[in-house]
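In what follows, a single structure is set out as structure tokens and then discussed.
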Amino acid sequence: MKGARFREDRLQGGQDFAQAGADARRSIRPNRPIQPKGARIAQIARRHFMPGSDSTTTRICGKLKVCSSAAFPCCWQNRFPCSLPGVHAMWQRFTSVSKSPGTVAARVWLVVAIALFAICLPARVLSQEDPRTGPARQIEALFRAERAQAVASGAITKTCPELIERADALAVRAAQALQAGKLTDAQSLFMRARFSLPSLPTRLPAGISRFLGESRPRHADAVLCMAFHPAGTTVASGCRDGSVRIWEVPTGREQLQLQAHQGEVKALVFSPDGKMLLTAGDDREVLLWDLAKQAVISKFAGHQEPINALAISRDGTLIATGGGDRKLRLYNRADGKLLHDLPGHGLPINGVSFSPDGKWVASACADLRLRIFDTATGGVKLAVPQFQGNQYGVVFLADSRTVALAGARPNRVLLIDTQDGSVRGSLEGHTEAVTGLSLSADNKRLATISDDRTARIYSVPEGKPLMLQALEDVPRALAISPDGTRLATGGLDRQVRWWELASTDQSRPLAGGGDGKTWCVAPLSGGLIVTGGQDGKLRLLRGEDGSLAKESSPSGGPITCIVSVEGSPSWLALGSADGNIRLADSATLEVKKTLASGHSSPISALAIDPASGLIASGDIQGRIIFWKLGEAKPALTLAALQGPVTALAFAGEGIYLAASTNDPVVRLYEVSSGKAVRSLMGSGCPVVSLVGLPKGNRLVAGCVDGLALVWNLDQAEGTPGAFKGHTQGATRVDLMPLTALACRSDGKLVASAGADRVVRLWDPATLEEWKALSGAGGWITGLAFDARGGQLAAVTAGGLARAWDLESSREQIQGLGHNREVKAMTYSPDGKILASTSQDQTTRLWDVASGRSLLVLDGVAAPSLAFGPGGKQLLVSGPERFLSRYSLPDGRPISRQPLGPGGLPNAMAVQGPKKRAVVWLGEGNLESWPLEGAGQREIWRLQEGSGQVSCLALSGTGLVVALGQRGGTVALFSLADQPVRQGMDLQAHQGPVLDASLDTPGGRLATADREGIAVWDVAGKRALVRIPTTGREVTFTLCLSPDGSLLASIGKDSVVRLHDSTTGKLLKSWAFPAPGLAEKPALRSLAFSPDGSQLAIGSAEGWICQADTK
């Protein structure tokens, strides 16, 4: 066949197309051979219609389908239906006319057919989206639906506008990432967008016009227990205040709040079908909740002390409880009947667990014994001592022959054989007591928490460490999702947090890895990474997706090491197998200079001091040479070491060069002279990696035994600190060499890795581990942080190159607003700004109209706030006993004046006309400070016997102060000039005065005790009205409106009541969910706007509500 040679097994359509091209060419010159144009047509046929060709279309599909009506290959099998009728008809027309050689029509129709095919078919290809985008599209659809729901519920208009703005911005970035093919980034961003959507708390009362802050997974007190729903879609958390909340995963929206117990909730668990929830706590009862009805349907009583542990069998028929009364009790869930009361425990029981088949129940007890009982007979199967400290949790593994037992001394999890009590294995890594554990429903992952403020994930039964997560506070609760993909934790910081375990450990591949190609890696600015290796090629990679940006092939053979120098321009120093050092432009990868005549053997180590531009190089013969950037000849050559140079690092801010060879000694050289000044002895094993911290005088060395040693070079002698994260489970026979070290640019985070294939991130100052990253795929030989410190790249001995996004490993979505109790609030004189201060050590300013956060003063927290004259200053007095002033709106500090001795400065007011601030210091003391000019501080002693003062109130003008006392009286003072007692004290109540409030002029006073509230005319010293309170209505705090006409109060039942202060008539009330502990309402503070139309309500959780009073 002329024109092109095709194998006989090719598709007939391709043969016909190629033959048509040849015929078309011959129709013009029938006696001449095929010319290039005809050959090109044949090539088009071969590319587009022959399986296995290199065309884009064939690579996507690999198969072609021939239409039965004509020899036109118009579609791929099962992917592109034959829907190009116009092209099909033209093909038929062409085949009919081309039977007559010599017709011009044949050529015309061929050109038209090819043109239309080239236009139409690629459009069909592009219209079919990559199926891998499916997961991201699903999350996007959920985001769109949840956003529409937020609009419909009014959450968007009632919450801070930053929330929806942040969610929409993340969704835009996610869509851009999806369009660019960055599927992992798209999924992560869409997930974060879902989490950022605003939501309102459940059971929020009507009449709330604005919600400041976020309804994020947070309790008002410590989180003590957690459990995942069997479907993994929600997580329940129990709190010290007696409440239980159920949160949607992964959005964090509150779905349900239950006021469960009168005291701490210490244990909870879902029923196997997910329809019910069991809770237990300090009130010695187990409650069975119907979640659909939100009601208790059964109670299990009998314990004489708080219940610490709770479990339900997998078939849902048995319930086990363990408590402080040292008893393990088994109940029939259906009828609540007590089946067994199992004694024998010497101290409180901290954990219980059923075997998968329900035949056995295990208990972890503070008496240091693990016990296993027969659930049918109540007989003891096993009772063995374990641990030298407390036992905190127990769980059966899938085979029922092994239990995991958590405890202290040793601080680990032991795997115990249930037949004989022998230790089958140990899960190590925690440095303090292991206080909780949770097993995924698929029995593949075990999660643990510890007093060392970390959570760890292990594979079971192998016991292999999979993940470490550093926590911000001491954890007290954890739960792992049924499929093992999410971890939830809670603790003393009141937060409920969870992590996507799959994404935490996920690394992405970098281009050019594999087949032993990649040996070394270095960071560049702009999120770029450069790698080199055996094939002698330099590859410039985009860190965000690992794609190849540029590639070059400098001479010199394999590239053995790389260091980068940021500047203008930025440089790369390349160590090569030929013994030369090449300097390349990091933007173009073009070699600009070669530093030769120094080494006669392959370069084994490089280091660079960015400040001085000095390069140090070492080779396998032990020679070390200094080079000055820009000079071709060596600046200094050191005496050769007895062995290959394994690592080099500048340290002490460029003063020293540290070098190691195949011995346990790290040698320090003075850079200016090249003199050996010091030898650092390590663990007795050879040092194989070094890094100097960029700030300070610390040097880190990686050893063959898996230790990372940290020296402080300011100390002449001393044992180095040792990070032991890589030595878990290792022995002297099974060493774990640390062949790679890197330090983040701020010097606060070190990455180490080696033979254990795990990258560990840790603090060089405290030696505490922050996170462990897996997924490298081999023995790690090189590490590099990017310039921002947000990404980490690694290369392995097998040539694989991987990268992790460290920022996404952290909790990305930071909460908006306070996250602890709101202690005090006040409105600006014009009512446009609300100031709030919290136990979270922040003071915030909010725009009242929009709810937008205007200013955050970190580290500024106080029980009292006040705006200065005209609202141009904010005054804060706090427990550190300073009166601080800040200018508004920028928050710039103006002054910070020390207060005198006394108690907590928990009240303050501004005397507008006098332009002075009055601060109550406790112990009967008041201080008056000038806000302008050079006036002097005045100190006033109001009364003796101030230990009887139970509360106080300052008028809005700062001219009247009322002191409520434990005897039920109220003392009134005028502060117009010097403090003057206003006649006899008011005998306001029979019991202690719980709280008091004055209106702005100081003419009306409200007081409260356990029996009720009284409103007083200050001038006439007579009661205007008394409002009785009973039970949990007892007043927690009071607030009079500025004009004195309205009275707001918070009861211990967490209900805000608004009364007419003259008649006592109840005008409005807002009932919030009340916690189980009677002495701790969910709400803590109140403030009226200047016109009294808005009431701000501060909560124990940190959020603030604005309610309409009119």
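Rule-based calculations on the coordinates, nothing more; no lab input. It should be emphasised that the depicted structure is a prediction, and the values quoted were computed from it without experimental measurement. We place every Cβ from the backbone using ideal geometry, glycine too, and count neighbours over all the protein chains shown.
Summary table
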{"quantity": "Reach of Lys359 by Cα under 19 Å, taken over aspartates and glutamates that are not fewer than 8 positions away in the same chain", "calculated": "Asp315, Asp341, Asp374, Asp399, Asp417, Asp420"}
{"quantity": "Amide H partners (placed H, <5 Å) of Leu952, local residues excluded", "calculated": "Gly964, Ala996"}
{"quantity": "Global geometry of the range 534-692, whether rounded, prolate or oblate, following the gyration tensor of its Cα atoms and the 1.5 cut on a/c", "calculated": "prolate"}
{"quantity": "HN-Hα J in Hz across the range 460-475 - Karplus 6.51, -1.76, 1.60, θ = phi - 60°, x for Gly and Pro", "calculated": "10, x, 5, x, 6, x, 10, 7, 10, 10, 6, 10, 6, 9, 5, x"}
{"quantity": "Greater than 19 Å apart at Cα, pairs in Lys337/Lys381; Lys823/Lys1080; Lys675/Lys695; Lys823/Lys1052", "calculated": "Lys337/Lys381; Lys675/Lys695"}
{"quantity": "Karplus-derived 3J(HN,Hα), 6.51/-1.76/1.60, for each residue of the range 426-435, Hz, glycine and proline x", "calculated": "9, 9, 10, x, 6, 9, 9, 3, 8, 9"}
{"quantity": "Isotropic mean projected area of the C-alpha convex hull, the range 343-460 (nm²)", "calculated": "6.5"}
{"quantity": "Global size of the range 137-198 as Cα Rg and Dmax, reported in angstrom", "calculated": "11.4, 36"}
{"quantity": "Under 5 Å, built H, 5+ apart or other chain: amide partners of Gly1102", "calculated": "Val822"}
{"quantity": "Candidates per chymotrypsin sites (Phe, Trp or Tyr not before Pro) in the range 580-670, loop by DSSP, up to 12 other Cβ within 10 Å", "calculated": "none"}
{"quantity": "Stokes-Einstein D in µm²/s, Kirkwood radius over Cα pairs - the range 508-807 at 20 °C with 1.002 mPa s viscosity", "calculated": "114"}
{"quantity": "Check: the range 508-807 dipole with +1 on Lys, Arg Cβ and -1 on Asp, Glu Cβ, in debye", "calculated": "300"}
{"quantity": "Interchain or long-range residues, amide H under 5 Å from Leu883's placed H", "calculated": "Gln897, Leu899"}
{"quantity": "From phi via Karplus (6.51, -1.76, 1.60), per-residue ³J(HN,Hα) for the range 831-836 in Hz, x at Gly/Pro", "calculated": "x, 8, 10, 10, 9, 9"}
{"quantity": "Residues of type aspartates and glutamates that Lys1110 reaches as a straight line, Cα spacing below 12 Å, ignoring anything fewer than 8 places off in the same chain", "calculated": "Asp1060, Asp1091"}
